[in-house]
Amino acid sequence: MDYNFGYGHREKQASMATGAYEMQNAPKTNPHFRLQETNARTPEYQGADHTYNDQTDMRRLGKKQELRRNFRFTSILGFVAIAMGTWEIILSATAAGLTNGGTGGMIWMFVGSYICFGTIVLSLAEMSNWASEFAPASQQKIISYISGWMSTLSWQCGTCSGMFLLGIQIQGLLSLTHENYSPKPWQGYLFVILMVTIGLAFNTVLAKQLPWIEGVILVFHIFGWITVLIVLGILSPKNNATQVFTSFQNEGGWGSIGLSMLVGQVTSIYGLIGSDGAAHMAEETKSASIIVPRTMLWSYILNGGMGFAMLIMYCFCLTDVSSALDPSINRSGFPYIYVFQTGTGSTGGAVGLTSIILILGIAGATSFFASTSRQTFAFARDNGLPGSNWISTVHPTLLIPLNAILVTYGFTILLSLITLGSTVAFNAIISLQLLALMGTYAVSIGCVALKRLRGHPLPPSRWSLGKFGLPINLFAFTYACFATIFVCFPVYTPVTPQSMNWAIVMFTGVLVIAMIYYVVKGRKMYEGPVVFVQPIED
């Protein structure tokens with residue numbers, strides 16, 4: 001995704017910054033920087049697929065409108081809410097949180113993570129309004145390049161983790177309904193290929209229908225949540241409040257409950273990411289300059305509230321944590337499926353409720369797939385990736401970044417190969433995703449905070465944090481750095497080669513490859529977004 005100091009997809013920007021601001025902040029060392037003059041108060045022109053602001057933003061950024069602007073507020077809100085899938089993730093990815101924290105740990109870490117991560121969302125929503133870059137001019141190119149690679153890696157890993165999670169959930173249902181079934185890694189891999197192929201179909205053949213499909217799925221997202229809450233609330237046996245809110249576990253073998261909870265916070269963070277995916281779809285959103293930040297905030301608020309309510313209900317209904325985590329008792333391997341089975345008192349009931357999660361999971365993974373491909377397309381358009389010319393090509397009739405979609409499809413299939421040789425591959429993929437994402441957040445928000453600390457003016461925008469911007473940016477930066485540390489921790493101690501979290505090794509390897517490419521070729525080709533700024537002629 002683009003965080004505006006960096007690496008493409010600047011079409012989401014809303015600012016109609018004045019020529020005076022651009023002249024004041026133009027990098028003195030960049031001879032290619034082109035000034036422009038725009039008028040923020042020019043009345044909006046309603047075109048067929050875009051507004052006057054959309055047209056102006058594309059022109060001032062030196063970009064041609066190649067993609068179709070299909071999305072409006074409701075459809076893009078549905079797109080992002082489904083891509084986040086907070087309440088579904090809170091259910092399906094709780095094993096790490098229960099192991100390190102228990103029910104009380106998960107609840108309180110979710111509250112803390114929601115508040116802290118909210119400052120990141122606020123910072124990114126404000127930045128999505130600005131075309132100007134925030135990194136110091138002398139380091140602007142290399143910082144934007146590294147951030148682009150980190151963001152691309154994060155979103156590509158996110159698509160892979162979502163598809164992999166769907167695959168192993170299907171295996172969990174098969175284990176539940178067929179006593180003789182023994183899940184094999186290669187079978188899970190084939191399910192991943194099936195899931196990502198479904199995502200490919202929706203993002204290519206059905207791309208034009210995706211906005212209204214997302215609107216329908218948003219309704220299902222809400223009613224599915226209501227259905228699960230009602231069924232569990234009525235049928236399932238319950239813990240008491242003391243057991244739910246004050247029961248903590250340290251099954252990971254860490255030195256203290258507090259440290260164990262910090263390790264287990266990956267469950268909460270994983271469920272809260274994704275609202276900034278709206279920024280990747282901005283070139284396909286009408287009135288993107290105001291719709292994108294609103295979507296980021298409302299999707300976070302909506303999903304956060306739904307996720308917290310589901311987490312509370314889930315913890316009340318999880319009457320035996322040890323059994324839920326014991327594969328000899330819970331053959332599905334997923335604690336939430338165990339809760340569905342014990343709560344409804346039947347395997348059929350568990351299958352029915354789990355099917356809701358799977359359907360919404362497929363929709364969410366498809367949305368995440370779309371957002372990832374747009375981010376990859378944008379970075380390639382700035383010549384940040386090997387094969388950028390091919391990756392950044394837009395299909396002439398479908399009006400979608402088809403090659404970037406195919407790259408995302410291929411990356412998921414290749415990265416999922418590690419699941420064939422590791423039983424903890426899912427945690428490693430999630431950790432790699434979060435490590436790269438938090439690193440991107442820290443760099444981007446840190447650049448904005450530095451600009452504010454130095455008293456440099458920021459461009460006018462249609463959505464701003466105003467006087468609260470600096471403290472929010474500083475807190476968000478600190479939290480991003482803090483969270484980056486713990487997403488690298490393994491689930492269990494003592495650590496063995498099999499249980500090791502290899503995310504930091506893979507992350508370092510990717511950065512080394514990126515820097516080698518930069519030295520050999522990238523520094524000659526990659527220009528950074530600021531050189532494309534052009535004057536607007538009336």
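The values are calculated or read from the model by the stated rules, or taken from the named source; none is laboratory data. This one's a predicted model, so the numbers in the text were calculated from it and none came from an experiment. Please note: Cβ atoms are built from the backbone with ideal geometry, for glycine as well, and neighbour counts cover all protein chains shown. Quick note on the areas: whole protein, heavy atoms, side chains included, nothing else; ligands and nucleic acids left out. Shrake-Rupley method; radii C 1.70, N 1.55, O 1.52, S 1.80 Å.
For Ile226 paired with Leu511, estimate the spin-label separation in nm (one decimal), with each label point 7 Å from Cα along the Cα-to-Cβ line. With each label placed 7 Å out from Cα toward Cβ, I get 4.7 nm.
For region 242-251, the Karplus equation 6.51 cos²θ - 1.76 cosθ + 1.60, evaluated at θ = phi - 60°, returns couplings of 4, 5, 6, 8, 10, 9, 10, 10, 10, 6 Hz by residue, with Gly and Pro reported as x. Using only side-chain charges placed at the Cβ, +1 for Lys and Arg and -1 for Asp and Glu, the dipole size of region 239-356 relative to its Cα centre rounds to 180 debye. The gain in end-to-end length when the Val519 to Ala309 segment is fully stretched comes to 70.7 nm, 0.36 nm per residue minus the alpha carbon separation.
Cβ-Cβ distance of Ser346 and Thr197, R₀ of 22 Å, FRET efficiency by 1/(1 + (r/R0)^6): the value works out to about 0.10. Using θ = phi - 60° in the Karplus curve 6.51 cos²θ - 1.76 cosθ + 1.60, the 3J(HN,Hα) couplings for region 182-189 round to 10, x, 10, x, 5, 5, x, 5 Hz; x is entered for Gly and Pro. Here r is the Cβ-Cβ distance between Leu235 and Leu414 and R0 is 56 Å; the resulting FRET efficiency, rounded to 0.05, is 0.85. Counted residue by residue at 0.36 nm each, then reduced by the alpha carbon distance between them, the extension gain from Thr74 to Thr177 reaches 33.3 nm. Counting only protein heavy atoms and using a 1.4 Å probe, the accessible area of Leu474 comes to about 70 Å². Simple rule: put +1 on each Lys or Arg Cβ and -1 on each Asp or Glu Cβ in region 259-385, find the dipole, and look at Ile301, Gln265, Thr354; the Cα lying farthest toward the positive end is Ile301. Ranking of Trp212, Trp390 by solvent-accessible surface, largest first: Trp212, Trp390 (1.4 Å probe, protein heavy atoms only, all chains present).
Specify, per residue and in Å³, the volume enclosed by the convex hull of the alpha carbon atoms belonging to region 278-364.
114 Å³
Residue-wise HN-Hα couplings along region 479-496, as the Karplus relation 6.51 cos²θ - 1.76 cosθ + 1.60 with θ = phi - 60° gives them from phi, are 5, 4, 5, 4, 5, 4, 5, 7, 6, 8, 6, x, 6, 10, 10, x, 8, 10 Hz; Gly and Pro carry x. Highest mean packing comes first when the peptides 181-191, 87-97, 254-264 are listed by Cβ atoms within 10 Å, giving 87-97, 254-264, 181-191.
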